[in-house]
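The next block holds one structure in the form of structure tokens; read it before the comments.
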Amino acid sequence: GGMKPSLRPGIMRGTCAGFVLLLLAATVRAAPVPASLDAFGEAAESAYDHAAAKEWRSVASDLKDLNAALKKMTAAKVPTDTLAPMLAQLSTAVAAQDRLAAMGSANALTRMAAEAERAYDVKVPVDS
């Protein structure tokens, strides 16, 4: 075969990236998850990774992000009644530098945020 194999992977990658972007754009339009909730989920995930690695300074920074996102969520009328107590638990665990407790709380917060985001999946009726 006289084909240059180096050309094809690049073409494939480009197509893939474009397709993923299209999918993301479509998803965002269909389900407007509040940015604050999205940020909360990201920060919770980050806190889990940093706690697992015992990077306490980074976890403290994630905690600031989580509290800021929680304030914005409250302002945007996003329900936070289950998140706030768990965030307090994470805060306590971080203060004590308790790795397993911090990981558990951060994991629970990540799961709660994901569940909350699911509520924003707009079900569009087929025959309208």
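The values are calculated or read from the model by the stated rules, or taken from the named source; none is laboratory data. The shown structure was predicted, so the numbers you read here are calculated from the model rather than taken from an experiment. We place every Cβ from the backbone using ideal geometry, glycine too, and count neighbours over all the protein chains shown. In case anyone asks, the SASA skips ligands and DNA or RNA and just uses the protein heavy atoms, side chains included. Shrake-Rupley method; radii C 1.70, N 1.55, O 1.52, S 1.80 Å.
Starting from the stretch 20-49, keep only residues that are closer than 27 Å to residue 63 by Cβ, then list their pairs with residues that are in a loop (DSSP other than H, G, I, E, B) and modelled with pLDDT of 80 or more whose Cβ atoms are within a distance under 6 Å, requiring at least 6 positions of separation or different chains.
Matching pairs, first to second residue: 33/120; 34/76; 34/78; 36/76; 37/78.
Mind listing whichever residues of the stretch 61-93 are polar (S, T, N, Q) and modelled with pLDDT of 95 or more? It would help to see each step written out before you state the result.
Pass one, the stretch 61-93, residues polar (S, T, N, Q): 61, 67, 74, 80, 82, 89, 91-92.
Scanning the stretch 61-93 gives 61, 67, 89, 91, 92.
Hey, does the stretch 52-60 have a residue that's among the charged types (D, E, K, R) and modelled with pLDDT under 95?
Step one: list which residues in the stretch 52-60 are among the charged types (D, E, K, R), which gives 54-55, 57.
Of the ones still in play, those that are also modelled with pLDDT under 95 are none.
No, the conditions are met nowhere in the stretch 52-60.
Among the residues of the stretch 73-100, write down those that are more than 18 Å from residue 57 (Cβ to Cβ) and assigned to a helix (DSSP H, G or I).
73, 74, 75, 83, 84, 85, 86, 87, 88, 89, 100
Here is a list of conditions, (1) open to solvent by 50 Å² or more (accessible area, probe 1.4 Å); (2) among the polar types (S, T, N, Q); (3) modelled with pLDDT of 95 or more, and residue 105 meets all of them except one; can you say which number that is?
With (1) open to solvent by 50 Å² or more (accessible area, probe 1.4 Å); (2) among the polar types (S, T, N, Q); (3) modelled with pLDDT of 95 or more applied to residue 105, the lone miss is (1).
Say whether the condition of being touching a Ser or Thr at 6+ places or on another chain (Cβ under 6 Å) and open to solvent by less than 20 Å² (accessible area, probe 1.4 Å) is met by at least one residue in the stretch 79-100.
Yes, the stretch 79-100 contains a residue that is touching a Ser or Thr at 6+ places or on another chain (Cβ under 6 Å) and open to solvent by less than 20 Å² (accessible area, probe 1.4 Å).
Would you mind finding the one in 52, 76, 39, 69 that is out of contact with any strand residue (DSSP E or B) (no Cβ under 6 Å at 6 or more places or on another chain) and under 13 Å from residue 114 (Cα atoms)? Spell out the reasoning first.
Working: 52 fails: under 13 Å from residue 114 (Cα atoms); 76 fails: under 13 Å from residue 114 (Cα atoms); 69 fails: under 13 Å from residue 114 (Cα atoms).
Selected residue: 39, the only one of 52, 76, 39, 69 that is out of contact with any strand residue (DSSP E or B) (no Cβ under 6 Å at 6 or more places or on another chain) and under 13 Å from residue 114 (Cα atoms).
Looking for something farther than 14 Å from residue 42 by Cβ, in a helix (DSSP H, G or I) and either among the aliphatic types (A, V, I, L, M) or open to solvent by less than 80 Å² (accessible area, probe 1.4 Å) (or both) - is there at least one such residue anywhere in the stretch 109-120?
No, that holds for no residue.
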